[in-house]
1. Enter the angle in degrees (range 0 to 90, nearest 10) between the Cα long axis of helix 36-45 and the first principal axis of the Cα atoms of the chain, meaning the one along which they spread out most.
2. Take residue 150 and residue 187, extend 7 Å from each Cα along the Cα→Cβ direction, and tell me the distance between the two endpoints in nm.
3. Residues with amide H under 5 Å of residue 51's amide H, sequence separation 5 or more or different chain, H placed in the peptide plane at 1.01 Å from N; which?
4. Any chance you could give the angle, 0 to 90 degrees and rounded to 10, that helix 233-246 forms with the longest Cα principal axis of the chain?
5. What residues qualify as long-range amide H neighbours of residue 32, i.e. H under 5 Å apart, gap of 5 or more or another chain, H built at 1.01 Å from N?
6. Helix 11-21 against the longest principal axis of the chain: what's the angle in degrees, Cα atoms only, rounded to the nearest 10?
7. List every residue whose amide H lies under 5 Å from the amide H of residue 189, counting only residues 5 or more places away in sequence or on a different chain, with H placed 1.01 Å from N in the peptide plane.
8. How much length is gained on full extension from residue 111 to residue 28, taking 0.36 nm per residue of separation minus their Cα-Cα distance?
Amino acid sequence: MIRALLIDDEPIARADLRQLLAVHSDIAVVGEARSVQSGRELLRTADYELVFLDVMLIGGMGFDLVPDIRAGARVIFTTGHDSFALRAFEVNALDYLLKPVQPGRLAHSLARLAAGSANPWENSAASPAAVRRLRVDDTVHLNSGRQARFVSVSEIGRIEAQENYSLVCLADGTQWLVRRTLKDWEETLPPVEFCRVHRTTIVNLGRVASYSKTGRVLELRLEGDSAPVSVSREATADVKTRLTARRPAPR
């Protein structure tokens, strides 16, 4: 018998999941919580092997509870947002289920649990390759180490490489240094709106307020950003084509 915990701030979501789990005779729900505080207490006192963990909780995020999960226990994230799948992968979650949880997807996750899958995304419909690409209206989590914030993808103006980190510049003028490479951002952000304009810079074309040429260099001016962004010669033709498709070319 596998003992499971349900940590979700929505009573209806917990009830739905209990009902789905009722048909799996090898799973027993032994505890529930709805906030970061009660979840942390439950994780430290209960006897369990599996945790169904919502991403957004009262008082914080499900990711805040990952360090409190006992060694050897597996985690299945449940959420209404697909934009956190990559982060779930990074903390070695068994799976990532979107609400409303479908019986077939749940059964697939539990089958992989029983098989002891070493790769948490092996043969999963929620593999990073399938879900890591964000939409412009998705929300992304920025964590500088000292503070964290949720922002809409559309609010990102530009992202600059800083070795293994990246500087995320938002439309409101704030900047966030996060531990994420430019290559990872490029593979994650929606390709229609975001463009790598330079070896070290990705720009949200939807945030370009104006653009002009200084000599042979194309420069972009972004909303909420006082510093112009230079486009490499290799990327200039593509960037101009994409900008022209959005608005008339400058005179």
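Just so you know, all these numbers are worked out from the coordinates, no wet-lab data involved. As the structure is a computational prediction, the values presented were derived from the model and not from experiment. In this analysis, Cβ positions are derived from the backbone assuming ideal geometry, glycine residues included, and neighbour counts consider all displayed protein chains.
1. Tilt of helix 36-45: around 40 degrees.
2. 2.6 nm
3. 5, 74, 75, 76
4. 80 degrees
5. The list, which skips near neighbours in sequence, is 6.
6. On a 0 to 90 degree scale, this one is about 60.
7. 134
8. Details: separation 83, 0.36 × 83 = 29.88 nm, distance 1.53 nm.
That works out to 28.4 nm of additional length.
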